[in-house]
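This report concerns only the one structure given below.
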Amino acid sequence: MQLPAAGVPAVQLERSAADLEDEAARFRLQGRDFSRQYCHVYGARLAALRHRLQQAAARDWEGVPVKGISQLEEVQGDCVLLGTVFKQQQLKPSILKEISDEHNLMPQPPRDRFIADSDELVLEDDLARVRLEGDIDPQQYVTGIICAVLGREEVGGKFRVRQIRFPDLPLQQPERPLPTEDKWLLLVSGLGLQAGGDMFLSQLLVDLVTGQLGSEEQQRDMAAVVRVIVAGNSLSASSQDKDFLKRAAYLGSDVAEQSAQAVRSLDDLLQQLAASCPVDLMPGEFDPTNHLLPQQALHRCLLPKAAAYRTFRGVTNPYQAVVAGRRLTGSAGQNVHDLYRYSALDDPLTSLERLLAWSHLCPTAPDTLSCYPYYDRDPFIIEECPDLLFAGNQKSFATKLHEGPRGQRVRLLCLPEFHRTATCALVSLRSLEVRKLELGAAVSSIDSASPQPDK
């Protein structure tokens, strides 16, 4: 790579543009009422997916009667049940067990996962529940999935499952005009900024995107980037202090200043990006916003420099928008991490495929993943088939093209933590090709930032 020689002006390129349709209105909280019970979320989820589930069951099991769980005694032979899966897990953390004098439990060792051979599945509908057994592996499922099961009731009241079906994934979105030339999205997650931390890699990425670094060919590639999506955890976990509110004010001033300094560093970086390219900033687990999903956009007063630009948008987590005719859906990664903790799904790409099959972004909410107590709707249901489904803050970069049972094509993308891997992704809005953009762990030049096409 050759940088422009001294005294020679850099290449003047015009930034490509793409239309944006914001589809995240369902994730924005208009009012906050925490007096409601969480059971309404499951009822709304089952009601919303029941029709799609009945269609899938009728197509695959034609002629088999669909019954409610409370009607099992009337059935002689096979039938289909529709309901919500509940997974009984002895290792799942429970505050009731911890404070119960009856159990007198010893402190449990820290665990990354809460699965065991004794785990069992139960199917619930509006009126009753039944325990599932048979040809079904509990470790492949989690609480909150809406499904249909084919089988029959056996002695003892258990339901022996022969097959299981999930709601049909919606067909691919209606035909929209797609770019005739390559326009790229740049997706990055886990910047992990902290007070006094090394910002070299983050600044290097910003300089590359804004055209201040790189060869003429690299600058042309970066000029084709129409939007940057920052997928959560822009601040480091060390910028938070859970004991901060318990301290006297004079003891906590240093902690507050460190957190504020990290936010100012983020504002400086976003200002540089927004001056050159549209930017969408998603919150994550460690960012200064609400903890419950859906996480709301960071308040504009936290980022006054970036917020002054119309090209900057604070967005929700989960994220959904249509850019240049492509529907983009994704999260900062909490949903995928929770599937890992409560099932045997080790591969994040497999987890993303399961989310598509289950037609739900966060099936474990509100059981083990905190969410707002919705009453009459569940905003996490996948109502339109995305072209790109991504998850941020994963351990490593991974991608594949998923083909659905009815011809749907969805690009799946796992974004690694940038502060640890110095890796982000470029996605073509024309072809859904993915390129891995890797700056390297120890960068002496930016030759290593040349995009590598996905294999």
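General observations
- Checking each residue in region 224-270 for being modelled with pLDDT of 95 or more and among the β-branched types (Val, Ile, Thr) picks out Val225, Val226, Val228, Ile229, Val230.
- Of everything listed in (1) buried (at least 20 other Cβ atoms within 10 Å of the Cβ); (2) among the hydrophobic types (A, V, I, L, M, F, W, C); (3) assigned by TED's automatic domain parsing to the domain that holds Arg409, the single unmet condition for Ala195 is (1).
- Members of region 134-150 found to be more than 18 Å from Leu46 (Cα to Cα), touching a strand residue (DSSP E or B) at 6+ places or on another chain (Cβ under 8 Å) and at pLDDT 95 or above, listed by number: Pro138
- Exactly one residue out of Thr399, Thr421 is at pLDDT 95 or above and not hydrophobic (A, V, I, L, M, F, W, C): that is Thr399.
- Selection from region 13-36 of residues that are over 22 Å from Gly330 (Cβ atoms) and among the small types (Gly, Ala, Ser): Gly31, Ser35
- Looking only at region 314-370, and only at residues there that are polar (S, T, N, Q), part of a loop (DSSP other than H, G, I, E, B) and closer than 22 Å to Ser236 by Cβ, the one that is modelled with the lowest pLDDT: Ser370
- Meets criteria (buried (at least 20 other Cβ atoms within 10 Å of the Cβ) and touching a Gly at 6+ places or on another chain (Cβ under 6 Å)) for Ala306: no
- Test for Leu401: is it in contact (Cβ under 8 Å) with a residue 24 or more places away in the chain and within 15 Å of the chain's Cα centre (by Cα): no
- Pair list, Cβ < 7 Å and 6+ apart or interchain, from region 89-100 residues that are closer than 24 Å to Pro138 by Cα to residues that are loosely packed, with under 12 Cβ neighbours inside 10 Å and modelled with pLDDT of 65 or more: Gln90/Ser118; Leu91/Arg111
The values are calculated or read from the model by the stated rules, or taken from the named source; none is laboratory data. Model, not experiment: these values are computed from the prediction. Note that we place each Cβ from the backbone using ideal geometry, even for glycine, and neighbour counts take in every protein chain shown.
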